[in-house]
1. Here is a list: A:GLU132, A:GLU151, A:GLU137. Which entry is part of a helix (DSSP H, G or I), closer than 27 Å to A:LYS7 by Cβ and away from ligand 2 (no atom under 16 Å from the Cβ)?
2. May I ask you to list pairs of residues, at least six apart or on different chains, whose Cβ atoms are under 9 Å apart, with the first in the stretch B:211-238 being without any contact (Cβ under 8 Å) to a residue 40 or more places away in the chain and the second being surrounded by fewer than 19 Cβ atoms within 10 Å (Cβ to Cβ) and among the basic types (Lys, Arg)?
3. Can you confirm whether A:MET56 is more than 12 Å from ligand 1 (Cβ to nearest atom), at pLDDT below 90 and out of contact with any His (no Cβ under 8 Å at 6 or more places or on another chain)?
4. Of all residues in the stretch A:1-41, which are among the β-branched types (Val, Ile, Thr), more than 12 Å from ligand 2 (Cβ to nearest atom) and either closer than 25 Å to A:THR97 by Cα or at pLDDT below 90 (or both)?
5. Could you list, in sequence order, the residues of the stretch A:68-89 that are farther than 24 Å from A:VAL47 by Cα, modelled with pLDDT of 90 or more and out of contact with any helix residue (DSSP H, G or I) (no Cβ under 8 Å at 6 or more places or on another chain)?
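The values are calculated or read from the model by the stated rules, or taken from the named source; none is laboratory data. This is a predicted model, so every value here is computed, not measured. As a convention, Cβ positions derive from the backbone with ideal geometry for all residues, glycine included, and neighbour counts pool all protein chains shown.
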Amino acid sequence: MQQVNKKVILIGNFGVGKTSLVRRFVHQKFSDEYLTTLGVKIDKKLVELNETSVNMLIWDVAGEVSQTKVPTSYYLGAHGIIYVFDSTRPSTFQNVTDDLEYVQKLLPKAPVCLVGNKKDLVPEEDLNKIGEQLQREVDFFTSALTGENVEKMFHYIALKMIE
Amino acid sequence: MNQEDEIIKQLKSILMEDELKKQEELMRQIELLKTQLNKNQNELRDNLAELTQPVISKTVQNEIRQSQDTLVDALQPLMGKMVRKSIQDEFAKLTERIDGEIDKTFSWNNIKQMFISFWEGVKKGDLVLKNINQMSVEEVYVIEQDSGLIIATYSKGNIIDQDLIASMLTAIKSFIEDAFKQKTGHLDSIEYDNFRIILQNYTKYYVAIVASGTVSATSKDLIIEKVIDFAQRHLSQSERPSEDRLNTYLAKYFENFDSNINIDATSKQKSNFDWKFWRW
Ligand SMILES: Nc1nc2c(ncn2[C@@H]2O[C@H](COP(=O)(O)OP(=O)(O)O)[C@@H](O)[C@H]2O)c(=O)[nH]1
Ligand SMILES: [Mg+2]
């Protein structure tokens with residue numbers, strides 16, 4: 001089987017569950033200490049697709065996207081973008097369009113996966129409403145708590161990146 | 001040269017009294033800062049640099065830059081290029097010295113702290129850092145600049161998570177280079193405990209060499225020479241060789257490197273000494 005290395009950035013407002021999602025997906029756990037200084041936490045996970053195994057280096061970038069205090073260079077060279085919002089907090093998906101525009105300008109070729117997290121806290125019909133509200137289709141509603149759709153979501157971005 | 005110095009001095013005192021005062025004041029402040037930094041270094045070790053570095057660096061550098069232009073511009077019509085050059089040199093030296101002071105404090109705390117957590121989080125205990133003075137190249141990574149992904153590696157210790165180390169190293173590098181945005185420079189080495197990571201930058205990728213033991217300036221030069229040679233030979237073609245091929249090449253370059261370099265370094269030092277001896 002062929003193996004490829006890919007860098008994925010995980011972005012979105014504070015508290016939406018980015019770190020929790022990675023923790024769900026990547027079972028090994030590293031010290032979070034350096035995160036505060038560096039503003040990024042990096043984990044990796046090998047995703048096996050049909051003929052390719054995708055070695056994903058996931059950069060969990062702290063801070064808001066457009067007014068970020070972390071170096072822009074953290075985004076550079078990424079092959080995939082996962083934008084996470086908190087389905088219970090509209091303030092976290094208000095800026096989806098602008099934020100994604102900003103990041104996609106830096107990474108015009110990278111596929112995007114839009115994720116509404118904390119699915120477990122929101123009734124199904126409300127989730128549909130969020131989908132209608134946004135100008136862009138939500139690719140997955142996930143729960144880092146129950147694990148629902150987490151694996152699926154990461155497989156999806158892995159697949160998109162090798163297409 | 002002496003005459004030139006004298007001329008500059010006189011011109012300065014005649015024409016540039018204000019600037020001189022400014023400069024003296026600046027120097028005084030720097031001295032003050034230096035003593036303060038040194039005095040408080042121990043207790044403030046954890047956060048001093050982080051808090052003060054950006055402010056100090058900016059203020060000091062701006063002020064120097066500003067007075068540099070004023071001074072040079074005022075003098076140039078009178079004295080021409082030679083003076084301009086020598087004044088610029090002086091300022092460059094001064095700036096360098098200040099940078100040195102600031103960098104020392106900055107890197108000392110932050111990098112070390114970052115490193116301890118990242119290294120301890122990542123390493124699987126396989127990397128044996130030798131507690132001897134002999135320099136040894138433990139790991140070599142060729143890493144893509146932006147993505148932080150590995151292009152090729154050579155490893156003595158079979159570190160399991162080379163990918164992760166390469167990514168973290170890239171993040172640390174970005175972070176530090178970003179913190180010194182005004183400068184065009186690159187981070188060129190990180191020290192931690194008994195090892196040192198030497199970074200050699202190219203446009204699309206950089207090479208990180210993890211060396212343990214005492215890395216003298218001479219050995220560092222030899223390592224860099226080797227890396228440059230490797231890069232020219234194997235990385236500069238339009239079509240990059242496969243990762244496997246590159247790994248093989250890297251191994252060829254660095255497998256027997258330690259014994260050679262340790263001998264080389266001693267003989268180089270010796271020849272330096274001889275040269276001086278004869279000259280005197
Ligand atoms: N109920 C619920 N809580 C979650 C979920 N994901 C994250 N959280 C909680 O939300 C808080 C913020 O999560 P964190 O992963 O630190 O967010 P980050 O700032 O985006 O990295 C934490 O208290 C998590 O336990 C989820 O899917 N469901
Ligand atoms: Mg987080």
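1. Result: A:GLU151 is the single residue among A:GLU132, A:GLU151, A:GLU137 that is part of a helix (DSSP H, G or I), closer than 27 Å to A:LYS7 by Cβ and away from ligand 2 (no atom under 16 Å from the Cβ).
2. Note: pairs meeting the criteria are B:ASP221/B:LYS268; B:HIS234/B:ARG240; B:HIS234/B:ARG245.
3. On the way: more than 12 Å from ligand 1 (Cβ to nearest atom): yes; at pLDDT below 90: no; out of contact with any His (no Cβ under 8 Å at 6 or more places or on another chain): yes.
It is false that A:MET56 is more than 12 Å from ligand 1 (Cβ to nearest atom), at pLDDT below 90 and out of contact with any His (no Cβ under 8 Å at 6 or more places or on another chain).
4. If we filter the stretch A:1-41 for residues that are among the β-branched types (Val, Ile, Thr), which is where we start, we get A:4, A:8-9, A:11, A:16, A:19, A:22, A:26, A:36-37, A:40.
With the extra rule that they be more than 12 Å from ligand 2 (Cβ to nearest atom), the set shrinks to A:4, A:8-9, A:26, A:37.
Those that are among the β-branched types (Val, Ile, Thr), more than 12 Å from ligand 2 (Cβ to nearest atom) and either closer than 25 Å to A:THR97 by Cα or at pLDDT below 90 (or both): A:VAL8, A:ILE9, A:VAL26, A:THR37.
5. Going residue by residue through the stretch A:68-89, those that are farther than 24 Å from A:VAL47 by Cα are A:68-73, A:86-89.
Narrowing further to those that are modelled with pLDDT of 90 or more: A:86-89.
Matches in the stretch A:68-89: A:ARG89 only.
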